[in-house]
Each structure stands twice: as C-alpha cells, then as structure tokens.
Amino acid sequence: MQASVSLDEAMRLTRTFAQSTDKEEISVDRCQGRILANSVTARCDVPPFRRAMMDGFALRTEDLKSPGTLLEVVGWTPAGNQPAPSLKSGKCVRVMTGAPVPEGANAVARFEWCDTPDSHHVKILRPVAQGESVQETGEDGRQGQLILNAGRRIRGQDVAVLRTFGVPTVEVYQPVRVALLITGSELVRDVTLPLSPGQIYGSNDVLLASSLRADGINVNWVHYVSDDPQAIGEEISLAATSCDFLLTTGGVSKGDLDYLMQVLIHMGGQVHLNHVWMRPGSPFIVSTLGKTTVFSMSGNPAACYAQFETLVRPVLREAMGWHSDPFPVTARLSHGIDLKPIKHTRVFRGHAYVEQGQIYVDTHLAQSSSVVSSFTQTNCLIRLDHPQLSAGTLVPAQLLQDW
C-alpha cells in the first residue's frame, strides 16, 4: 500500500483500475451517449445519386449561349422520384430540392433566375456555372470511408451521421455499474423528515449520482449507513455483488468513528492507497474487494466532489472506453492568489466566464470542504500548484457540465 502520494501519482495509480467493460452491439437509434468500441465506416455513398440542392431547372450549361436563352421543359422531378431520362440539347427538367439530376445535366438554374413564359418553356435570365446547385454522388462521403473513430462518445449529431450513411448498429462498451454507499450517523436521506439535534440532510448521493448518470453510468444501488463497522461491512458485502465500482463517502479520515479502512481490511480487501496530497480531499482510499474496485471519498461534499472529478470520474470513463483527463483546459485567473504554502495541491471551485475570447476564472467562492452553497456558482474546478499567483496566470481547469 502507498500511504501518501502526490496528486499526479494518485491520478496515475487510480487509472490502473479502469478495467474495460464488455462490448455489445446496439441499434443506432439507442446509441446516443455510449462509447464506440470500434471505428465505423460508411455503408453507402452520400448522396447515393446526383441531386439538386435548390428548386429550379436541371440543364446543360453548354446550351446557355447568352442571357435569356429559352429551353424546353421536358419533365418534372420531385424528391424521391426516379431521375428523368438523359437530357438532350436545348432541353431541361424542372427539379425540386433533393431530386435526382438527370444524366446530361450539369447544373441547376434556381427558380429565381428564370422566367416561365408558358408551361413548356423556361427562359434562363443569367449565366449558370457548371456544377451550380448540384451535389455529386458521394460528395459528402464514400462507402467504406471512416466516419467515427473508436473511443468517441456518441452525440446526437453523430447519430444523424450514422443514420445518413446507412449504419444500422454499432458496437459500444457496456456502461459500468456503480453502487453508492453514504456513511454517517448524522445523515438523513429523506428531506421530508424533520431533523433531530445533530442531524443534517445528506447530499453526496445526489451529487455523485447526477454526474454518473450524465456519463451514461448505471447507478444501480444507493444506500445510507450509520457509523457502525458491522453495518458498514454488511452494506459493502451487499453492494459488491452487483457493481463494478463501489463509491463510498465518509469514514476515511482518522477520527474515532472513521471505520472504512479497517472494515475493508477485515473483509479481506486490498488497500492500495489511503492518502493524497491534495486539498480538499486528502483522505482517499483505493481498495479492491474481489473483482470490485472501491473508491472511498471524504464525507465533506466539496472534498468529495473534488476527489470524484479528479481521481474517480476519469477511471469510470476509461473503463467504458472514454479517455478523459482531469484539468484538460487552461483558464486565466481574474485575480491574484496569495495562500499559505503547503505540500498539498489545491483544487479550488471557481466561476469561469469568457471575456474577449479568453476563459477567465474567479475563485472568490466559499472554498471550505464542508460548504455546499457555493456549488450554485461553481462551474469549474482549477488546480493550484503554487500558493502565490498573479492575476492573468494560466491555471489548469476542469469545466463542469453546463458551465
């Protein structure tokens, strides 16, 4: 067991527990939010035929000798119909947007460029360039062309691309199964119940579950338990039978009622880490119990959230084939920082905003690990490796959802 490690070493170590989940093939209509296990190629050309991009007249540009050329209209083709027969000299076909362009035609003159003296003729009022308003076969993509890489989290617009290129199913990683165990005799889960002296309402379960579900993770078990080692052990045994990862909060420090590590060891668990030089969130236990990886975080909500975003969430994503690093962007401090020198790497809550094309972050928020009210203003976390920084300094940042 590594007793105390730096934040960087903890990030490296925790990533080693990201065992990949199994793969499954699912319908494209159900794949949004999932992670591609294999790259995807196009099953057809797009478009599969030459098509009109505007309402107008498909014609041969070589027939347009001068503005005002009169052509004979020999057909009408709406979208979804077969193309008209091949065009002959001096002829044209009225086409709607999306309709196939007949052989021999090399441009479409838009309706607004034309005058129709009668139902069988059209006068082209302006020059029309070859290729005008015609999308050639395969112009958007060819059959067999790579359209999405493995490891991509599928977005709504990606689903549209898959459908367009005729892809019916994709192979994706199965979601990891996560259980949450919230420890603390003082915690009340049901906010409709009145609080007794010494009690507070718990929030770590909803704080974590919302982020987990946003990542497409199955949160299939959420329990609260009092600070009792036997009860904690029973709950851990129960949770471990139905999850890949167990996330616990509370009971990880060195107080009289912090039982997590001793319970895990008593159950035969292997403890790999129990302290990280980060603040907030120094007490952090990584252990394995059979095939289940257990991440035990602080009971203080802000510390718990910093640990989750920095050390836990990247591992869960990696297990599903989604590579993400903590603090992937940089932001400029909107103000100077002057803190007491400590060995720890600080993780601060911040409010990020854009000014003149630059991301700035303001950390004038309550930073205490037990304070949750500043979450309403928090839309990013930043990493501080130095105690004194001037305004405008670039710092590593993690932009949170809906920042």
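The values are calculated or read from the model by the stated rules, or taken from the named source; none is laboratory data. Source: prediction; values computed, not measured. Note: ideal-geometry Cβ built from the backbone for every residue, glycine included; neighbour counts use all protein chains shown.
Worth pointing out:
- The lone exception for Gly321 - which of (1) assigned to a loop (DSSP other than H, G, I, E, B); (2) over 25 Å from the mean Cα position of the chain (by Cα) it fails: (2)
Listed here are the residues, each with its yes/no results for (1) of a type in the set (S, T, N, Q); (2) in contact with a Cys (Cβ under 9 Å, 6 or more places away or on another chain); (3) on the phi > 0 side of the Ramachandran plot.
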{"site": "Glu9", "(1), (2), (3)": "no, no, no"}
{"site": "Ala18", "(1), (2), (3)": "no, no, no"}
{"site": "Arg30", "(1), (2), (3)": "no, no, no"}
{"site": "Arg34", "(1), (2), (3)": "no, no, no"}
{"site": "Arg43", "(1), (2), (3)": "no, no, no"}
{"site": "Asp55", "(1), (2), (3)": "no, no, no"}
{"site": "Thr61", "(1), (2), (3)": "yes, no, no"}
{"site": "Ala105", "(1), (2), (3)": "no, yes, no"}
{"site": "Ala109", "(1), (2), (3)": "no, yes, no"}
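Let's see how each residue does on (1) among the small types (Gly, Ala, Ser); (2) farther than 30 Å from Thr137 by Cα; (3) in contact with a strand residue (DSSP E or B) (Cβ under 7 Å, 6 or more places away or on another chain):
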{"residue": "Val159", "(1), (2), (3)": "no, no, no"}
{"residue": "Thr169", "(1), (2), (3)": "no, no, yes"}
{"residue": "Ile182", "(1), (2), (3)": "no, yes, yes"}
{"residue": "Thr192", "(1), (2), (3)": "no, yes, no"}
{"residue": "Gly198", "(1), (2), (3)": "yes, yes, no"}
{"residue": "Gly202", "(1), (2), (3)": "yes, yes, yes"}
{"residue": "Ser211", "(1), (2), (3)": "yes, yes, no"}
{"residue": "Ala214", "(1), (2), (3)": "yes, yes, no"}
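- Subset of region 328-367 [buried (at least 17 other Cβ atoms within 10 Å of the Cβ), free of Cβ contacts under 8 Å to residues at least 60 places away in the same chain and either out of contact with any Ser or Thr (no Cβ under 6 Å at 6 or more places or on another chain) or acidic (Asp, Glu) (or both)]: Ser334, Ile337, His351, Ala352, Ile359, Val361, Thr363
- Qualifying positions in region 41-56 - touching a Lys or Arg at 6+ places or on another chain (Cβ under 8 Å), in contact (Cβ under 8 Å) with a residue 60 or more places away in the chain and among the charged types (D, E, K, R): Asp45
- Scanning region 25-40 finds no residues that are touching a residue at least 24 places away in the same chain (Cβ under 8 Å), farther than 30 Å from Gly141 by Cβ and among the basic types (Lys, Arg).
- Among the strands (runs of 3 or more DSSP E) confined to region 69-112, the ones with at least 3 residues that are out of contact with any helix residue (DSSP H, G or I) (no Cβ under 7 Å at 6 or more places or on another chain), crowded, with 16+ Cβ neighbours inside 10 Å and β-branched (Val, Ile, Thr) are located at 69-77.
- Candidates Val312, Val286, Val294 - the one that is touching a residue at least 12 places away in the same chain (Cβ under 8 Å), buried (at least 22 other Cβ atoms within 10 Å of the Cβ), part of a helix (DSSP H, G or I) and of a type in the set (A, V, I, L, M, F, W, C): Val312
- In summary, Gln19 fulfils each of the numbered conditions (1) more than 44 Å from the chain's Cα centre (by Cα); (2) under 30 Å from Pro280 (Cβ atoms) with the single exception of condition (1).
- Hey, Tyr305 surrounded by fewer than 18 Cβ atoms within 10 Å (Cβ to Cβ), outside any loop (DSSP other than H, G, I, E, B) and either outside the structural domain of Gly250 (by TED's automatic domain parsing) or touching a helix residue (DSSP H, G or I) at 6+ places or on another chain (Cβ under 9 Å) (or both) or not: no
- Verdict on Thr14 being out of contact with any Ser or Thr (no Cβ under 7 Å at 6 or more places or on another chain), in contact (Cβ under 8 Å) with a residue 60 or more places away in the chain and either loosely packed, with under 13 Cβ neighbours inside 10 Å or assigned to a helix (DSSP H, G or I) (or both): yes
- Enumeration of residues in region 368-403 that are free of Cβ contacts under 8 Å to residues at least 60 places away in the same chain, closer than 27 Å to Ala209 by Cα and assigned to a loop (DSSP other than H, G, I, E, B): Gln377, Thr378, Asn379, Asp402, Trp403
- A single member of Gly90, Gly56, Gly104, Gly98 is assigned by TED's automatic domain parsing to the domain that holds Val128, at pLDDT 95 or above, out of contact with any strand residue (DSSP E or B) (no Cβ under 8 Å at 6 or more places or on another chain) and not charged (D, E, K, R), and it is Gly104.
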